[in-house]
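Encoded as structure tokens, the structure appears first; notes follow it.
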Amino acid sequence: MELFDLKTKKPAKSQAPLADRMRPKTLDEFVGQEHLVADGKFLRNLIEKKEIPSLILWGPPGTGKTTLANIIAEAAGSRFISFSAVLSGVKEIRDVIKDAKDEFAYRKIKTILFVDEIHRFNKSQQDAFLHHVEDGTITLIGATTENPSFEVNAPLLSRCKVLVLKQLTGDDIKKIIQRAIDDKEKGLGNYSLKIENGAIGILAEYSHGDARSSLNTIETAVMMSQPDKDGVRHITKEIIQEAIQQKALLYDKDGEEHYNVISAFIKSMRGSDPDAALYYLARMLEAGEDPMFVARRMVIFASEDIGNADPKALQVAIAVKDAFDFVGMPEGWIPLAQGAAYLASAPKSNASYMAYLEALEDVQSKGALPVPLHIRNAPTGLMKELGYGKGYKYPHDYEEGKAEQDYLPDALKGKIYYNPTDKGYDKEIKERLENLKKK
């Protein structure tokens, strides 16, 4: 199969894309996912024994989910039906189930049903599989880029084994590309190609672990190149860059990756790593995250994780939020970056945050305890007669503005919630409170 008609040098008309032509037929041809397909590993054992349970293949785009489903069906000697959750509904599911029953009844052939993007099926569509998966009418293999714990309903998930596919490494991608370049039957091996040093490395890096994307790009690069007088096509770094264009980052603002990246951003700041914080900030902004969402998280972080170790942190976070609101994009990333670097570098204390949670626990467990009479307000004569405000000591009348009296309800007398750390300004607060207790 040729990419071009060798006589006219024009693209062949009846060509499948290179990524489809190069799709592995056996596990030995498959690249990546060694934790599943290497000798002695889970999936290889199942395939060799031809004991295939219903599976959910969960992983990023281009990691081999569809390919593995095809290999499994071929090895098991089963009938393979594939359809997309985007284009199919309950009616199509019922038709497939009926055909599967007929195939087994008349020919004793089992059916493997592969559902691409299974997370796009709603609950009723997913429920349509349940009984037939359970009674063995079909073996279901679902593929998804989304976390199945969120997107696949619990009854169906409990009937399937979830296999996690990892993003392919740069070396995996290079191996896949080189195989396509060398393959004379299905790939690009019949072309005289001269690949500039480093060009494949650039392609592997910008493919972000997506084998399909890398093969599409090398195919485009070959199509873009012109043969010289000797018929050699020179694949330079510039041609690769032009063929790559701009690949959208894996980031679903409503899905798991949204939570993964914002979590990494916050934990990087909490761990005082400004470099990692700035990397995840760039990931979010480049992928189209709402910058004001990021700014709000920074305001929360300034109080929750920095607190009084650096009281200015909250001022900085609020200023960043206001600055972005005023400037907007494309320049709005500048104050966001300044804020992320400051918050990540600041001393950390969650003392006030933890103090509130402990106080909240007492509120919830002990209820509304009576406020001590001496610190109650007494706006009426009756309240004064009942002792409201009686014996209250006005702190400003005492040395250092501290009067010895109880403020907590009797049931909590002596309870300490707030324990400042020894970090940053927190240390000064701690020393002041300790000195006041000695008075």
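Take the residues of segment 68-88 that are under 25 Å from the mean Cα position of the chain (by Cα) and surrounded by fewer than 22 Cβ atoms within 10 Å (Cβ to Cβ): which is modelled with the highest pLDDT? Full working, then the answer.
First pass over segment 68-88, keeping only residues under 25 Å from the mean Cα position of the chain (by Cα): 68-69, 84-86.
With the extra rule that they be surrounded by fewer than 22 Cβ atoms within 10 Å (Cβ to Cβ), the set shrinks to 84-86.
On the way: Ser84: 73, Ala85: 70, Val86: 66.
The residue in question is Ser84.
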Somewhere in segment 352-366, is a residue in contact (Cβ under 8 Å) with a residue 40 or more places away in the chain and in a loop (DSSP other than H, G, I, E, B)? no
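Pick from Ala277, Ala264: which is surrounded by 20 or more Cβ atoms within 10 Å (Cβ to Cβ), at pLDDT below 95, under 20 Å from the mean Cα position of the chain (by Cα) and farther than 23 Å from Ile429 by Cα?
Working: Ala264 fails: surrounded by 20 or more Cβ atoms within 10 Å (Cβ to Cβ).
Just a single option satisfies the conditions, and that option is Ala277.
Go over the candidates Glu92, Glu134, Glu146, Glu103 one by one and state the one that is surrounded by fewer than 19 Cβ atoms within 10 Å (Cβ to Cβ), under 24 Å from Val31 (Cα atoms) and in the same structural domain as Leu46 (by TED's automatic domain parsing). Break it down stepwise before answering.
Values: Glu92 fails: under 24 Å from Val31 (Cα atoms); Glu134 fails: under 24 Å from Val31 (Cα atoms); Glu103 fails: under 24 Å from Val31 (Cα atoms).
Matching residue, one of Glu92, Glu134, Glu146, Glu103: Glu146.
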I'm checking my understanding of the structure. Among residues of segment 164-185 that are under 20 Å from the mean Cα position of the chain (by Cα) and crowded, with 19+ Cβ neighbours inside 10 Å, which one is nearest to Leu55 (Cα to Cα)? Leu165
Hey, Pro53 hits all of (1) in contact with a helix residue (DSSP H, G or I) (Cβ under 6 Å, 6 or more places away or on another chain); (2) closer than 27 Å to Lys123 by Cβ; (3) of a type outside the set (Phe, Trp, Tyr) but one; which does it fall short on? (1)
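Identify all residues within segment 204-225 that are of a type outside the set (Ser, Thr, Tyr), part of a helix (DSSP H, G or I) and more than 20 Å from Asp182 (Cβ to Cβ); write none if there are none. Break it down stepwise before answering.
Taking segment 204-225 and keeping what is of a type outside the set (Ser, Thr, Tyr), we get 204-205, 208-212, 215-216, 218-219, 221-224.
Going one step further and asking which of them are part of a helix (DSSP H, G or I), we end up with 204-205, 211-212, 215-216, 218-219, 221-224.
Residues satisfying the conditions are Glu205, Met224.
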Determine which single condition Ser349 fails, assuming it passes every other condition in (1) surrounded by 14 or more Cβ atoms within 10 Å (Cβ to Cβ); (2) outside any loop (DSSP other than H, G, I, E, B); (3) in contact (Cβ under 8 Å) with a residue 12 or more places away in the chain. (2)
When segment 183-207 is checked residue by residue, the ones that are farther than 26 Å from Thr63 by Cβ, in contact (Cβ under 8 Å) with a residue 60 or more places away in the chain and not hydroxyl-bearing (Ser, Thr, Tyr) are Asn190
Hits in segment 377-431 (condition: within 27 Å of Pro347 (Cβ to Cβ) and either modelled with pLDDT under 85 or polar (S, T, N, Q) (or both)): Glu400, Gly401, Lys402, Asn419, Thr421
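Regarding segment 371-391, can at least one residue be identified that is buried (at least 18 other Cβ atoms within 10 Å of the Cβ) and over 27 Å from Ala277 (Cα atoms)?
Pass one, segment 371-391, residues buried (at least 18 other Cβ atoms within 10 Å of the Cβ): 388.
Then keep just the ones that are over 27 Å from Ala277 (Cα atoms); that gives 388.
There is at least one residue in segment 371-391 that is buried (at least 18 other Cβ atoms within 10 Å of the Cβ) and over 27 Å from Ala277 (Cα atoms).
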Which numbered condition Ile300 misses (of (1) free of Cβ contacts under 8 Å to residues at least 12 places away in the same chain; (2) over 24 Å from the mean Cα position of the chain (by Cα)): (2)
Give me the pairs: first residue in segment 285-297 and part of a loop (DSSP other than H, G, I, E, B), second residue of a type in the set (Val, Ile, Thr), beta-carbon distance under 9 Å, and six or more apart or on different chains, which are they? Ala287/Val261; Glu289/Val261; Glu289/Ile262
Tell me which residues, restricted to segment 116-153, are in contact with a strand residue (DSSP E or B) (Cβ under 7 Å, 6 or more places away or on another chain) and either in a helix (DSSP H, G or I) or at pLDDT below 80 (or both). Ile118, His119, Phe129, His132, Val133, Pro148, Glu151
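Do we find that Leu215 is under 23 Å from Glu304 (Cβ atoms) and modelled with pLDDT of 85 or more in this structure?
Against the criterion (under 23 Å from Glu304 (Cβ atoms) and modelled with pLDDT of 85 or more), Leu215 does not qualify.
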Condition met for Ile56 (surrounded by 22 or more Cβ atoms within 10 Å (Cβ to Cβ), at pLDDT 80 or above and in contact with a strand residue (DSSP E or B) (Cβ under 9 Å, 6 or more places away or on another chain)): yes
Answer with yes or no whether Glu331 is surrounded by fewer than 16 Cβ atoms within 10 Å (Cβ to Cβ) and either in a loop (DSSP other than H, G, I, E, B) or touching a Cys at 6+ places or on another chain (Cβ under 6 Å) (or both). yes
Can you name the residue in segment 154-178 that is of a type in the set (Lys, Arg) and in a loop (DSSP other than H, G, I, E, B) and, of all such residues, is modelled with the lowest pLDDT? Arg159
Just one listed residue, out of Leu203, Leu193, Leu188, is over 34 Å from the mean Cα position of the chain (by Cα), crowded, with 21+ Cβ neighbours inside 10 Å, modelled with pLDDT of 85 or more and not assigned by TED's automatic domain parsing to the domain that holds Val115, and it is Leu188
So for segment 77-91 (the condition being over 23 Å from Arg44 (Cα atoms) and part of a helix (DSSP H, G or I)), does at least one residue qualify? yes
Lone unmet requirement of (1) free of Cβ contacts under 8 Å to residues at least 60 places away in the same chain; (2) surrounded by fewer than 18 Cβ atoms within 10 Å (Cβ to Cβ) for Ile47: (2)
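The values are calculated or read from the model by the stated rules, or taken from the named source; none is laboratory data. Because the structure is predicted, anything quoted here is derived from the model rather than measured. Note that each Cβ is placed from the backbone with ideal geometry, even for glycine, and that neighbours are counted across all protein chains shown.
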